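J.: One structure coming up, written as structure tokens, with questions to follow.
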Ligand code: CAA
């Protein structure tokens, strides 16, 4: 599929999706969300991606939220269709089989913060801002923001952000545990790719199993979640990579993982 609103790149195991509507600060409209859904499906089926990075085009914004230009005429039926699509995209990112890193290169507001927190890790440039300003528009976050944020940073902080609609900068976002780390903007992609390459040195089946255990375990009580972990753990003992990992350690050499 030809994309108009996103760019998909692939380099040595790392896929990069860039939201590319810089004139609208990469705001998410239906077309962009459809393209994102399609790209995620294609990358999943293609199965070559070991780490996926999501970022925004330009130096100003990651994603400045849902596209507000469509809101004045949006009916409840239209809003349902929009939010169903948006939530589906965020869920697909969250359950994507390999780690997804948000490289937040500027404003991540509303749907932009929601997109970032659907990812597994968030690295931000020093000019980034996060926030859920939906109440300033007379609406609430609709792409999972009222739910994921409170699970991530706790109820009181999440409610403060949702109820006030205030933005926080990258350093504050790091202080409250929303962001993994902050880098100068010019270094952001280089540093994120270094982290991706570090993940790619590890056992690829183990990385997938760890993500599955953490993402699906998160929604369950501890006993059920530990059972999910147990199943993921046991399955790895039927793989060549697990034997190689242990042998390499004992033979004091780096492992040669094959993803089998
Ligand atoms: N939708 C559509 N267009 C947007 C946009 C958005 N979310 N955010 C910015 N733009 C457009 C602006 O309208 C402007 O277009 P024009 O040049 O044609 O006027 C262009 O991008 C540049 O924006 P600004 O001139 O506003 O740039 P700024 O530097 O003065 O401000 C900003 C930057 C603080 C990010 C500001 O643009 C802003 O507040 N944007 C809206 C943020 C927002 O409210 N997001 C939540 C959307 S609702 C949502 O996301 C719902 C949900 O949960 C799914």
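J.: Over all pairs of distinct alpha carbons, what does the Kirkwood formula give as the hydrodynamic radius of region 116-254, in Å?
T.: Hydrodynamic radius (Kirkwood, Cα only) of region 116-254 equals 17.8 Å.
J.: Please give the helix 155-164 orientation as an angle from the longest Cα principal axis of the chain, in degrees from 0 to 90, rounded to the nearest 10.
T.: Relative to the chain, helix 155-164 is tipped by roughly 30 degrees.
J.: Distance between the C-alpha centers of region 141-213 and region 1-51? Whole Å please.
T.: Answer, in whole Å: 19.
J.: Here is a further query. For residue 12 paired with residue 30, estimate the spin-label separation in nm (one decimal), with each label point 7 Å from Cα along the Cα-to-Cβ line.
T.: Distance between the two pseudo-spin positions: 4.2 nm.
J.: Based only on Cα atoms, what Rg/Rh ratio does the chain have, Rh being taken as Kirkwood's radius?
T.: 0.99
J.: Divide by every residue of the chain the summed helix terms, -39500 (n - 2.57) for each DSSP H run of at least 4, and state the resulting mean residue ellipticity at 222 nm, rounded to the nearest 500 deg cm²/dmol.
T.: Only helices count here, giving -14500 deg cm²/dmol.
J.: Now a separate question. Which value results for Rg/Rh of region 204-250 when Rg is the Cα radius of gyration and Rh the Kirkwood radius based on the inverse mean 1/r?
T.: Ratio of gyration radius to Kirkwood radius: 1.07.
J.: Obtain the nm distance between the two label points defined at residue 194 and residue 45 by a simple spin-label model: each point lies 7 Å from its Cα along the Cα-to-C-beta direction.
T.: 3.7
J.: Can you tell me what share of the DSSP beta bridges in the chain is antiparallel? A percent to the nearest 5 is fine.
T.: Of the beta bridges lying entirely in the chain, close to 25 percent run antiparallel.
J.: In µm²/s, what is D for region 17-145 at 10 °C and 1.306 mPa s, where D = kT/(6 pi eta Rh) by Stokes-Einstein and Rh is the Kirkwood radius from Cα pairs?
T.: 109
J.: Determine the gain in length on full extension of the stretch residue 225-residue 23; use 0.36 nm per residue of separation and subtract their C-alpha separation, reporting nm with one decimal.
T.: 68.4 nm
J.: For region 149-225, what class follows from the C-alpha gyration tensor (a ≥ b ≥ c being the square roots of its eigenvalues): rounded when a/c is under 1.5, otherwise prolate if a/b is larger than b/c, else oblate?
T.: oblate
J.: Please give the helix 30-46 orientation as an angle from the longest Cα principal axis of the chain, in degrees from 0 to 90, rounded to the nearest 10.
T.: 10
J.: For 8, 104, 51, what's the fewest-to-most ordering of other Cβ within 10 Å of each Cβ?
T.: Going from least to most buried by this count: 8, 51, 104.
J.: Taking springs between alpha-carbon atoms closer than 10 angstrom, which of 158, 79, 103 fluctuates most in the Gaussian network model of the chain?
T.: 79
J.: Measuring from a point 7 Å past the Cα of residue 233 along Cα-to-C-beta, which residues in region 194-210 have an amide N at less than 20 Å?
T.: Counting only backbone N, you get 203-210.
J.: Give the angle, between 0 and 90 degrees and rounded to the nearest 10, that separates the Cα long axis of helix 240-250 from the longest principal axis of the Cα atoms of the chain.
T.: 70
J.: Still on this model: Based only on other Cβ atoms within 10 Å, what is the fewest-to-most ordering of 182, 89?
T.: Ordered by Cβ neighbours within 10 Å, fewest first: 182, 89.
J.: Quickly work out the residue 80-to-residue 187 label distance, labels modelled 7 Å from Cα along the C-beta direction, and quote it in nm with one decimal.
T.: The modelled label-to-label distance comes out at 5.0 nm.
J.: What's the extension gain from residue 71 to residue 176 if we count 0.36 nm per residue and subtract their Cα-Cα distance?
T.: Roughly 34.7 nm would be gained on extension.
J.: Rank the residues 24, 95, 15 as a footprinting-exposure proxy: fewest other Cβ atoms within 10 Å of their Cβ go first.
T.: Arranged by neighbour count, lowest to highest, 24, 95, 15 become 95, 24, 15.
Just so you know, all these numbers are worked out from the coordinates, no wet-lab data involved. A quick note: this is a predicted structure, and the numbers were derived from the prediction, not measured. Heads up, the Cβs are rebuilt from the backbone with ideal geometry, glycines too, and the neighbour counts pull from every protein chain shown.
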